[in-house]
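Encoded as structure tokens, the structure appears first; notes follow it.
Readers should treat all values here as calculations from the given coordinates under stated rules, not as data from a laboratory. Quick caveat, the model's predicted, so the values are computed rather than measured. Reconstructed Cβ throughout: ideal geometry from the backbone, glycine too, with neighbour counts over all protein chains shown.
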């Protein structure tokens, strides 16, 4: 029995939607970015993260037995404001990181200590 035109069209739409979904992208959302807050609200935060563990390069570079110990502190400031009759917000962040990295590069042990300001963060919604 031959499928009807309606069934063929339904299969075509399903296949097309599956192919299109493979190209879907994601977006980076700030937590609580769309919470309604009074205009003129201010907030400051101080956060800290400590990261420790092995680094895996999977043969991309000649580094083996690599480990990292890194700490990052971040100060941020948030302000809500009125922009053309709509609520908007601006966030500034100032991250500072300190890290110790160890590994073997072409059979020679190497270490590195890095510290300083990270990429400046600015977010506007």
In terms of the Cα gyration tensor, with a ≥ b ≥ c the square roots of its eigenvalues, is the range 37-124 rounded because a/c is under 1.5, prolate because a/b exceeds b/c, or oblate?
prolate
Counting other beta carbons within 10 Å of each residue's own, what order do 63, 39 fall into, fewest first?
39, 63
For each of 94, 117, count neighbouring Cβ atoms within 10 Å of the residue's Cβ, then give the residues from fewest to most.
117, 94
